[in-house]
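The values are calculated or read from the model by the stated rules, or taken from the named source; none is laboratory data. Since the model is a prediction, treat every value here as computed from it, not as a measurement. Please note: Cβ atoms are built from the backbone with ideal geometry, for glycine as well, and neighbour counts cover all protein chains shown. Note: accessible area is taken over every heavy atom of the protein model, side chains too, but ligands, DNA and RNA are not part of it. Shrake-Rupley method; radii C 1.70, N 1.55, O 1.52, S 1.80 Å.
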Amino acid sequence: MKNNQRIIYYQDELNDEFAGDHIKAKKIDGTYQYIREDFWGKVSHIFWYRVIAIPLARIYMKVHFHHRIVNQELLKQAGDRGFYLYGNHTHFLADALIPTLVNRPREASVIVHPNNVSMPFLGRITPSLGALPLPDDMQAAKKFMKALEHCIDKGSCVMIYPEAHIWPFYTDIRPFKDTSFRYPVQHQTPVFCLTNTYQKRKSKKTPEIVTYIDGPFYADHSLPVGQQKKKLRDQVYAAMKERAKNNNVEMIHYERVERKSGESYD
């Protein structure tokens, strides 16, 4: 560990959150509109996604992080079919931009926490950028599943961050559940994964982000559904763990601590 390096202490790899946004999430209920295919919905999507987001994402990621993508051509194996893409969650802004860059010209939607559609101004824009907030009740859940089917049917990518919580600049892969892998099993789609790594740059303190693509992985339909999900999860996790070995810069050191009775950590 370097002198003056920032240290973050954690207790729970599955649930600890270090995004620091403190946004009060609105409830995503049956009134939430997931599919916005009316005239103004399409205009808003074209403007914010294609005219604004893609050019700004390319400029920001190239200038700030000298972003590179390795094995992007693997995604062509999906053909015209929609697919699910899983990735590690390590940067509040880059993680929003990279799915768009990785998948272009194919469109990408991202399953997000309701926080992402609850911000005062940006919360109105993120749905036009492909944000699909997790539902809070059964009515919303039905609409959410229809939205996923809609994305897959039109040949789009659905991006999922199975670690669920942002750990800035984290250089390993946290364990994650197989819950979200029910979507590709149910929709019988290919699965890919991306692993964002932080690598040294000459004479630059800001690291380079190199994104590695792996896959496709397919559900083994000879197995029960529960085992199909687990097998897909294990394949993705193993691929991401292997790619994480390419990290060679540690911007933040994460250190596990055991919580004692009556003690808390900031």
Discussion item. Against the condition in a loop (DSSP other than H, G, I, E, B), open to solvent by 40 Å² or more (accessible area, probe 1.4 Å) and in contact with a Phe, Trp or Tyr (Cβ under 9 Å, 6 or more places away or on another chain), how does residue 221 come out, does it pass?
Written reply: no
Worksheet item: Given the structure, is residue 206 assigned to a strand (DSSP E or B), loosely packed, with under 15 Cβ neighbours inside 10 Å and β-branched (Val, Ile, Thr)?
Response: yes
Item to complete: Run residue 27 past the list (1) over 15 Å from residue 116 (Cβ atoms); (2) surrounded by fewer than 17 Cβ atoms within 10 Å (Cβ to Cβ) and report the number of the one that doesn't hold.
Response: (1)
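Might you let me know whether the stretch 136-145 holds any residue that is in a loop (DSSP other than H, G, I, E, B), within 18 Å of the chain's Cα centre (by Cα) and surrounded by fewer than 19 Cβ atoms within 10 Å (Cβ to Cβ)?
Within the stretch 136-145, not a single residue is in a loop (DSSP other than H, G, I, E, B), within 18 Å of the chain's Cα centre (by Cα) and surrounded by fewer than 19 Cβ atoms within 10 Å (Cβ to Cβ).
Kindly indicate whether residue 56 is surrounded by 15 or more Cβ atoms within 10 Å (Cβ to Cβ) and either of a type outside the set (Gly, Ala, Ser) or within 20 Å of residue 31 (Cβ to Cβ) (or both). Full working, then the answer.
Numbers: surrounded by 15 or more Cβ atoms within 10 Å (Cβ to Cβ): no; either of a type outside the set (Gly, Ala, Ser) or within 20 Å of residue 31 (Cβ to Cβ) (or both): yes.
Criteria not met by residue 56.
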Practice prompt. Name every residue in the stretch 176-222 that is of a type outside the set (S, T, N, Q), more than 19 Å from residue 155 (Cα to Cα) and in contact with an Asp or Glu (Cβ under 6 Å, 6 or more places away or on another chain), in order of residue number.
Written response: 176, 201
Worksheet item: Being crowded, with 19+ Cβ neighbours inside 10 Å, of a type in the set (Lys, Arg) and under 19 Å from the mean Cα position of the chain (by Cα), is that true of even one residue in the stretch 176-193?
Response: no
Response to the item:
Selection from the stretch 210-261 of residues of a type in the set (Lys, Arg) and in contact with a Lys or Arg (Cβ under 7 Å, 6 or more places away or on another chain) yields 229
